[in-house]
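Peer 1: This structure is in structure tokens; I'll ask about it shortly.
Read-outs: derived from the displayed coordinates by stated rules, not from any lab. Fair warning: this is a prediction, and the values are worked out from it, not measured in the lab. Glycine gets a Cβ as well: all are built from the backbone with ideal geometry, and neighbour counts include every protein chain shown.
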Amino acid sequence: MAEVQSVWRATPNRVPLLVLLAAWVALFHWLGNSTLGYVNTPSLFGWWTWTLKNTPDEEHAWLIPFVVVVLLWSRREDFLSLTKRAWMPALGVLLLAILLHTAGYMIQQTRLSVLAFFLGIFGIAGAMLGRQWMVAAMVPFSLFVFCVPLGPGGTEIVSFPLRLMATKITAVFCDVILGIKVMQNGTQLLDAGGSYQYEVAAACSGIRSLTAIIAFSVIYAYLSFKTSWRRLLVVAAAIPLAVVANVFRLTLIVLAAEAFGQSAGNYVHESSIFGLVPYIPAIGGTLLLGWWISEDRKARRNAEVPILDGVAQKS
């Protein structure tokens, strides 16, 4: 508690910051949602809560605000060392958020308003705390993108290409590498003898694993690196690693069905334990990439060179 008070006392423009944030929250509570047909509330937060409850694939959004707060708190010493003063250009971000919300409200696209809400908080905080604070907080705040619910239609736009890609890669991998004759028919996997078949449904598209792995990569990159290119590389690698994870899961299903029949494949498909297995190559790949581009590893390697040269000269 004492540390929280210390951070609070070190925060400049505290009263204007709280007043602006309170006004911003009130705006989105009373004029945040214009789609009153199926969610009869003007509150953006009411619409957001209702949407998440009815979209199981996006339940991760509940956790994102807490994750952002934890990330910011974990780097509190870095934030305290920054030069913090009012920076009026950040009001441009706030203006952009207002325009985005206005557009979303007028065309009844509340998802735009969700994005505008978090963007506005970033702009308000930047205006009160300064440019250095905005730059340092940009990565954690980017996680708020995962708070924007896509809905069934939006997730299908992303999930269907992932389903096709995962099905095709799995079929080729099983055929060429494992020697198991598996045929692809759209988003279906069938064996040559017709003893088993699987429909790669939306739940198997990898949309959940893609979201989780990207979020993990952002968090890992933020906590592990200070240079922008390293952070961007780790986050960019999350997409192919998520595809690899999904292909790994589908391959396990095919192997189980090939060895023990359709029922075994169904068990692997429905098991919550096997559902966690695909995260092993994805998270392992992220950590391996992080080790390879590690700033400490490069520094240690450079530090060893003069020592070896000195030994060579003495000999």
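Peer 1: Measure out, as a whole number of angstrom, how far apart the alpha-carbon centroids of the stretch 155-178 and the stretch 38-106 sit.
Peer 2: Using only Cα atoms, the two centres lie 34 Å from each other.
Peer 1: Next question. How would you order 104-113, 48-57 from highest to lowest mean count of nearby Cβ atoms within 10 Å? Present the calculation step by step, with values, prior to reporting the outcome.
Peer 2: Values: 104-113: 17.5, 48-57: 15.8.
So the order, starting with the most tightly packed, is 104-113, 48-57.
Peer 1: Please give the net charge around Gly275, taking every other residue with its beta carbon less than 13 angstrom from that of Gly275, where Lys and Arg add +1 and Asp and Glu add -1. All intermediate terms of the calculation are to be shown ahead of the outcome.
Peer 2: Details: positive: Arg208, Arg249; negative: Glu270.
Taking every other residue near Gly275 into account, the sum is +1.
Peer 1: If packing is taken as the average count of other Cβ atoms within 10 Å, what order do 92-100, 162-170, 121-129, 70-78 fall into, highest mean first? Could you put the intermediate results ahead of the total?
Peer 2: Values: 92-100: 16.2, 162-170: 20.2, 121-129: 22.4, 70-78: 13.2.
Highest to lowest by the protection proxy: 121-129, 162-170, 92-100, 70-78.
Peer 1: Would you pull out the residues with amide H under 5 Å of Val182's amide H, same chain only if 5 or more places away, H placed 1.01 Å from N?
Peer 2: Asp175
Peer 1: How far, in nm, would the chain grow between Ile98 and Trp292 when pulled straight, counting 0.36 nm per residue and subtracting the alpha carbon separation?
Peer 2: Length difference between fully extended and current span is 65.6 nm.
Peer 1: Determine the shape class of the stretch 59-150: with a ≥ b ≥ c the square roots of the Cα gyration tensor eigenvalues, call it rounded for a/c under 1.5, and otherwise prolate if a/b is greater than b/c, oblate otherwise.
Peer 2: On the way: a/c = 3.89, a/b = 1.34, b/c = 2.91.
Oblate is the answer for the stretch 59-150, as a/c is 1.5 or above yet b/c matches or exceeds a/b.
Peer 1: Taking the structure as given and computing Cα extents along the principal axes in Å, which label from (i) 83, 71, 33; (ii) 80, 51, 34; (iii) 66, 38, 34 fits?
Peer 2: Looking at Cα extents along the principal axes in Å for this model, the match is (i).
Peer 1: Express the relative contact order of the chain as a whole percentage, based on alpha carbon pairs under 8 Å and six or more residues apart in sequence. Walk me through the numbers before you get to the answer.
Peer 2: Numbers: 373 pairs, mean separation 42.0, N = 315.
Computed over the chain, the figure is 13 percent.
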